[in-house]
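Single-structure report; data block below.
The values are calculated or read from the model by the stated rules, or taken from the named source; none is laboratory data. Everything numeric here is computed off the predicted structure, so don't read it as measured data. Positions of Cβ are generated from backbone atoms using ideal geometry, with glycine treated the same way; all protein chains shown enter the neighbour counts.
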Amino acid sequence: MIVKVNAAVSILLSAVLIGCSAIPMTPEGSSVELVTEKPTGNCKPLGDAVGSQGNWFTGDYTSNKNLLVGARNDLRNKAAKMGGNTVWVQDKANTNAWGSKGTSNTTVLGVVYRCD
């Protein structure tokens, strides 16, 4: 019985600690550039993408910095999967879950482009 309780506590602590770190950027995502102005030149729009980090459980245990970095990394990773190398960031939102101590989720929205 004690072993089961210790295992449950270990699993819960692991989940909280994993929730505290930013979503890692993939090697493909590291080649994606985030920009705040519409790309010019030979750029083809591929569609919209949303990057997000945090939820009602892990958000309170994740720093605001890691929420933002994780959401941006998630956006880059998704853009790379779409074949893009540039994202024109359209919006960023922070949300607070009911009963939360602060920001629990950060979301970044952008248009993915393939630029030559």
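In segment 58-65, is there at least one residue being modelled with pLDDT under 95 and basic (Lys, Arg)? Talk me through it step by step, then tell me what you get.
Going residue by residue through segment 58-65, those that are modelled with pLDDT under 95 are 58-65.
When the remaining residues are screened for being basic (Lys, Arg), the result is 65.
Among the residues of segment 58-65, at least one is modelled with pLDDT under 95 and basic (Lys, Arg), which makes the answer yes.
Can you tell me which residue among ALA15, ALA80, ALA8, ALA49 is part of a helix (DSSP H, G or I) and modelled with pLDDT of 75 or more? Break it down stepwise before answering.
Values: ALA15 fails: modelled with pLDDT of 75 or more; ALA8 fails: modelled with pLDDT of 75 or more; ALA49 fails: part of a helix (DSSP H, G or I).
After ruling out the rest, the residue left standing is ALA80.
Working only within segment 69-85, note down all residues that are of a type outside the set (Asp, Glu) and over 14 Å from VAL35 (Cα atoms). Quick ask: steps written out before the conclusion?
Going through segment 69-85, the residues of a type outside the set (Asp, Glu) turn out to be 69-73, 75-85.
Once the filter is applied, which keeps residues that are of a type outside the set (Asp, Glu) and over 14 Å from VAL35 (Cα atoms), segment 69-85 yields VAL69, GLY70, ALA71, ASN77, LYS78, ALA80, LYS81, MET82, GLY83.
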query = Assuming ASP91 fulfils every condition listed in (1) under 18 Å from the mean Cα position of the chain (by Cα); (2) modelled with pLDDT of 95 or more; (3) not small (Gly, Ala, Ser) apart from one, which condition is it?
reply = (2)
ask   = Considering only residues of segment 17-47 that are among the charged types (D, E, K, R) and under 19 Å from the mean Cα position of the chain (by Cα), which is nearest to ASP91 (Cα to Cα)?
value = GLU33
ask   = Which number in (1) at pLDDT 90 or above; (2) not in a loop (DSSP other than H, G, I, E, B) marks the one condition that PRO27 misses?
value = (2)
key: Where a residue in segment 71-94 is closer than 10 Å to MET25 by Cα and hydrophobic (A, V, I, L, M, F, W, C) and its partner, wherever it lies, is part of a helix (DSSP H, G or I) and at pLDDT 95 or above, with Cβ under 9 Å and at least six apart   = LEU75/GLY29
